[in-house]
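Every number here is computed from the coordinates shown, using simple stated rules; none is lab data. Not measured: the values here are computed from a predicted model. Positions of Cβ are backbone-derived with ideal geometry, glycine not excepted, and every protein chain shown enters the neighbour counts.
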């Protein structure tokens, strides 16, 4: 497999581009063009597939790329559901529905296969990107020794946070932020 140097070389992006062109073409016709809500939502979902693939490719890490590919796949699912709405409203025919659904499923399938490939290609860099905790926590480097851990514990205790995970050396910064806000509110009420 050759190396992909630009996002335009990704087959899933090319299919998403074709899908976006079809969505724009279909949504410009008849009564569909006047249903601004559905038309605009479908256009945004189609553009989102392309944009997330491109943004993920240009991101800093493979982990973020996989996350953006997941978002693109989600947008493809959203668009497939909206095709049914357009069909039920009489904006597209059954043949158009099938053609658009097939193209959307092709794009979604390509994205899935690409995600699987990326996950298998470099398992050492893989993390659980589906967990929101991955993005809510700051991980302290692995060289942190007991003295650093004590310092981090003091910082956390200062903010009344009891969520330091000794094994992972991480602090839940969201809890610290909540503690700071709580302390400021209590100080403000005491000063009045």
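Can you divide the C-alpha Rg of the stretch 7-125 by 2.2 N^0.38 Å and report the result to two decimal places? Each step should come with its number before you reach the end.
Numbers: Rg = 15.0 Å, N = 119, 2.2 N^0.38 = 13.5 Å.
For the stretch 7-125, the normalised Cα radius of gyration comes out at 1.11.
Mind sorting 120, 182, 43 by how few other Cβ atoms lie within 10 Å of their own Cβ, fewest first? Before the final figure, lay out the partial values.
On the way: 120 9, 182 12, 43 16.
Listing 120, 182, 43 from fewest to most nearby Cβ atoms yields 120, 182, 43.
Give the relative contact order (percent, whole number) for the stretch 1-58; include only Cα pairs under 8 Å separated by 6+ residues.
Details: 33 pairs, mean separation 27.8, N = 58.
Relative contact order here is 48 percent.
Please arrange 116, 35 by counting, for each residue, the other beta carbons lying within 10 Å of its beta carbon, fewest first.
Details: 116 11, 35 17.
Taking fewest neighbouring Cβ atoms as first place, the list is 116, 35.
Please arrange 119, 34, 73 by counting, for each residue, the other beta carbons lying within 10 Å of its beta carbon, fewest first.
Values: 119 15, 34 8, 73 22.
Ascending Cβ contact count within 10 Å gives the list 34, 119, 73.
Using a/c under 1.5 as the rounded threshold, could you call the stretch 27-79 rounded, prolate or oblate? The axes a ≥ b ≥ c are square roots of the C-alpha gyration tensor eigenvalues, and prolate needs a/b larger than b/c, oblate otherwise.
On the way: a/c = 4.81, a/b = 3.19, b/c = 1.51.
Prolate, because a/c is 1.5 or more and a/b exceeds b/c.
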